[in-house]
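The values are calculated or read from the model by the stated rules, or taken from the named source; none is laboratory data. These numbers come from a predicted model, not from an experiment. FYI the Cβ positions are ideal-geometry reconstructions off the backbone, even for glycines, and counts take in every protein chain you see. The area values use the complete protein model at the heavy-atom level, side chains included, leaving out ligands, DNA and RNA. Shrake-Rupley method; radii C 1.70, N 1.55, O 1.52, S 1.80 Å.
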Amino acid sequence: MNSTSSLQRNHTIDQMERQSFDLIVIGGGITGAGIALDAASRGMKVGLIEKEDFASGTSSRSTKLIHGGLRYLKQFEIALVREVGRERAIVHELAPHLVLAEKMLLPLVEGGTFGKLATSFGLKVYDFLAGVEGDDQRVMLNKPETMQKEPLLKEEGLLGSGFYAEYRTDDARLTIELIKMAAQKQALSLNYVEATSFLYDDDQKVIGVRCRDLEGQRDFDMTSAYIVSAAGPWVDNLRKKDNSFEGKRLFLSKGVHLVVSRKRFPINHSVYFDVSDGRMIFAIPRQEITYIGTTDTPYDGDINHVLTNSEDETYLLNAVNEMFPDIHLRSEDVISSWAGLRPLIYEEGKSASEMSRKDEIFESDTGLISIAGGKLTGYRKMAQRIVDLVAERFEKTQGRSFQECHTDAIAFGGGPFQGSAGVNSYLEALKMKIRESQLPEFYASYLVYNYGRQSDAILQKMAQYSDAPEIALARAEVWFGVENELILRPLDFFSRRSGRLYFNIETISTVLDAVLDDLSDCFDWSVQKRQEEKELVQQHLHEAAHFEYSKT
Ligand code: FAD
């Protein structure tokens with residue numbers, strides 16, 4: 001390790017300060033990352049700033065599905081279902097190790113949300129809108145077939161099920177990989193840089209952003225022809241800074257997921273099932289764990305620190321125990337959790353779960369463009385809409401033209417792979433190497449689904465460390481993350497780069513000290529800074545597993 005990363009960071013800040021951009025993007029969630037890639041790949045000079053870590057907002061706290069949104073069909077949002085449905089296949093093609101095909105089981109129960117005929121028809125329409133073909137098309141199962149697929153389901157009241165195609169991802173890794181690909185197209189992106197205010201010309205048009213480097217504790221200015229706020233739940237805060245907070249506004253709805261061991265909740269497939277209050281939730285198996293979510297409740301607390309509470313936990317555990325009556329999940333079974341905020345567009349008289357998930361673009365008199373709402377799944381199309389708008393303005397005002405959107409042809413994320421088959425054969429080859437390295441076998445899929453072919457570089461680096469295999473692997477991942485993925489803090493690694501905080505939480509205590517030592521060397525931390533970072537990780541471990549300290 002070395003401190004070139006710190007030098008590199010300072011160099012990037014100097015460049016950000018010196019350059020005049022075509023487009024500044026505020027917010028390094030999936031929306032901002034998608035916009036940065038789209039704009040940079042069309043030839044715009046792009047700068048992106050993120051006040052915490054990339055994907056630390058909503059984009060690491062979703063259900064992690066790239067899905068067409070069956071529930072939106074029920075709300076007759078046909079255009080939305082068609083768009084996101086088609087996007088699933090495109091994003092899967094672009095990064096098949098990161099966006100995995102996943103069959104979903106939809107149990108049909110007496111008095112449930114979906115009736116048998118309506119589901120059969122609805123899923124057919126869903127497949128049709130999304131262009132799903134062949135074996136991937138939905139099949140309807142009778143009761144015995146359903147019980148065979150998922151023996152833990154409640155038999156009483158079960159009518160059958162629909163079995164249909166969706167995709168599963170890791171939202172934070174998707175975001176990071178887009179940021180990296182945008183960097184390859186010359187976009188400059190930095191985490192831990194906050195937009196604190198805007199700069200205006202004499203006509204009160206926005207021409208730049210005053211930034212605070214939260215690592216170096218210094219302020220600097222960036223200037224640009226256009227500025228887009230993709231700040232998710234913080235969009236209204238930035239509109240207030242711009243004095244343009246009027247008309248439509250955000251409505252924040254909290255969504256919680258719980259993680260339990262796969263052994264405690266051993267389902268075979270992802271299941272999308274009814275809750276007694278008329279909502280529906282997911283249970284999703286993922287390697288060694290199963291996660292359950294989500295809640296959907298109005299939120300007016302601190303948006304920088306959103307936590308699971310015991311009410312959320314009770315709601316989700318009861319829902320599972322109702323539909324899977326032999327499981328008897330209890331609070332002690334919850335090993336991790338995450339809570340996020342949906343930045344929805346407020347609609348008078350509607351409940352949180354009734355409000356549309358459509359994205360919306362706001363433009364203020366100063367020229368600040370804001371985008372909020374939408375879905376992870378639709379990130380590419382949202383980006384295209386924003387960049388089309390900016391390109392049109394350039395054409396009109398300066399006669400400058402840019403390429404058309406072509407992000408549907410930019411593979412990213414450590415590929416390329418020839419579809420799922422390519423990913424599987426790479427996985428098989430990696431299993432051999434994992435055995436040779438004396439790591440538990442699950443690390444093969446952990447590496448492939450997180451890093452794709454970049455796993456090779458990580459395993460090569462691992463061989464240079466003489467520690468126990470699990471520690472050597474974590475150190476190699478941290479090295480890779482510092483060199484390539486702008487890791488600055490331990491939580492960047494444990495949460496957003498590797499997903500360990502949610503999916504492999506029990507591995508953290510084994511590797512924590514080694515990770516802290518390496519980051520400490522790399523960034524020249526004082527003893528006190530190392531201790532603070534350690535306490536921060538421990539606080540997050542505690543919050544993930546024990547929520548608001550209510551179940552210690
Ligand atoms: P964010 O990810 O929140 O990014 C905004 C970023 O802006 C933040 O990182 C923040 O730190 C930064 N920022 C804010 N202010 C500033 C500032 N002043 N300066 C610099 N940076 C700033 N969608 C799906 O498609 N599939 C799903 O399965 C799914 N499940 C969901 C489940 C839940 C519980 C929730 C809450 C959402 C779910 N969604 C899902 C929706 C999806 O997660 C969101 O639409 C998406 O992540 C929003 O991304 P974003 O980039 O707009 O916002």
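Observations
- Any hit, the stretch 425-436, residues being of a type in the set (A, V, I, L, M) and either under 17 Å from Ile66 (Cβ atoms) or under 24 Å from the mean Cα position of the chain (by Cα) (or both): yes
- Of the helices (runs of 4 or more DSSP H) entirely within the stretch 477-546, those holding at least 2 residues that are charged (D, E, K, R) occupy 508-523, 527-546.
- For the stretch 354-385, a residue qualifies if it is within 11 Å of the ligand (Cβ to nearest atom), touching an Asp or Glu at 6+ places or on another chain (Cβ under 9 Å) and open to solvent by 20 Å² or more (accessible area, probe 1.4 Å), and the qualifying residues are Lys358, Gly374, Lys375, Leu376.
- Criterion violated by Arg342 - all others in (1) assigned to a loop (DSSP other than H, G, I, E, B); (2) basic (Lys, Arg); (3) under 13 Å from Phe251 (Cβ atoms) satisfied: (1)
- The one condition in (1) of a type outside the set (A, V, I, L, M, F, W, C); (2) within 14 Å of the ligand (Cβ to nearest atom); (3) modelled with pLDDT of 95 or more that Pro325 fails to fulfil: (2)
- Within the stretch 189-239, the set of residues being assigned to a loop (DSSP other than H, G, I, E, B) and within 14 Å of the ligand (Cβ to nearest atom) comprises Asn191, Tyr192, Leu214, Glu215, Ala230, Ala231.
- Looking across the stretch 46-70, just one residue is away from the ligand (no atom under 11 Å from the Cβ) and either surrounded by fewer than 24 Cβ atoms within 10 Å (Cβ to Cβ) or closer than 20 Å to Arg279 by Cα (or both), and that is Leu70.
- Just one of the listed residues (Leu307, Leu376) is closer than 30 Å to His542 by Cα and in contact with a Phe, Trp or Tyr (Cβ under 7 Å, 6 or more places away or on another chain), and it is Leu307.
- In the set (1) touching a helix residue (DSSP H, G or I) at 6+ places or on another chain (Cβ under 9 Å); (2) without any contact (Cβ under 8 Å) to a residue 40 or more places away in the chain, the condition left unmet by Glu532 is number (1).
- Single residue of the stretch 293-316 satisfying the filter (in a strand (DSSP E or B) and within 12 Å of the ligand (Cβ to nearest atom)) that is nearest to Leu501 (Cα to Cα): Gly293
- Residue count for the stretch 44-80 under the criterion of being at pLDDT below 95 and either under 10 Å from the mean Cα position of the chain (by Cα) or on the phi < 0 side of the Ramachandran plot (or both): the result is 13.
- Residue check, Pro343 within 23 Å of Gly112 (Cα to Cα) and either within 16 Å of the ligand (Cβ to nearest atom) or of a type outside the set (D, E, K, R) (or both): no
- Taking the criterion of being over 16 Å from the mean Cα position of the chain (by Cα), in contact (Cβ under 8 Å) with a residue 60 or more places away in the chain and more than 8 Å from the ligand (Cβ to nearest atom), the residues of the stretch 13-35 that qualify are Ile13, Gln15, Met16, Glu17, Gln19, Ser20, Phe21, Asp22, Leu23, Ile24, Val25.
- With respect to (1) of a type in the set (Ser, Thr, Tyr); (2) within 29 Å of the chain's Cα centre (by Cα); (3) open to solvent by 10 Å² or more (accessible area, probe 1.4 Å); (4) within 28 Å of Glu322 (Cα to Cα), the lone exception for Tyr164 is condition (3).
- Count of residues meeting criterion [part of a loop (DSSP other than H, G, I, E, B) and within 14 Å of Glu477 (Cβ to Cβ)] in the stretch 400-456: 3
- Candidates in the stretch 98-148 are the residues that are more than 23 Å from Thr63 (Cβ to Cβ), among the charged types (D, E, K, R) and under 29 Å from the mean Cα position of the chain (by Cα); of these, the one that is surrounded by the most Cβ atoms within 10 Å (Cβ to Cβ) is Lys124.
- Taking the stretch 273-295 as the range and being open to solvent by 20 Å² or more (accessible area, probe 1.4 Å) and either under 17 Å from the mean Cα position of the chain (by Cα) or within 19 Å of Leu70 (Cα to Cα) (or both) as the test, the residues that pass are Asp274, Ser276, Asp277, Gly278, Arg279, Met280, Phe282, Arg286.
- Taking (1) within 26 Å of the chain's Cα centre (by Cα); (2) at pLDDT 90 or above in turn, Arg357 satisfies each apart from (2).
- Residue tally, condition touching an Asp or Glu at 6+ places or on another chain (Cβ under 6 Å) and within 10 Å of Ile471 (Cα to Cα), over the stretch 497-511: 1
- Against the list (1) under 19 Å from Ala39 (Cβ atoms); (2) within 10 Å of the ligand (Cβ to nearest atom); (3) surrounded by fewer than 18 Cβ atoms within 10 Å (Cβ to Cβ), the condition Leu174 fails is (3).
- Tally of residues being modelled with pLDDT of 95 or more, over 29 Å from Gln398 (Cβ atoms) and under 26 Å from the mean Cα position of the chain (by Cα) across the stretch 209-239: 8
- Considering only residues in the stretch 78-97 that are more than 16 Å from the ligand (Cβ to nearest atom) and open to solvent by 10 Å² or more (accessible area, probe 1.4 Å), the one that is farthest from Leu174 (Cα to Cα) turns out to be Ile78.
- In the stretch 328-351, the residues that are more than 27 Å from Arg496 (Cα to Cα) and open to solvent by less than 20 Å² (accessible area, probe 1.4 Å): Leu329
- Inside the stretch 251-282, residues that are among the small types (Gly, Ala, Ser) and in a strand (DSSP E or B) make up a count of 4.
- Residue list for the stretch 240-268, filter: modelled with pLDDT of 95 or more, hydrophobic (A, V, I, L, M, F, W, C) and over 22 Å from Val306 (Cα atoms): Phe265, Ile267
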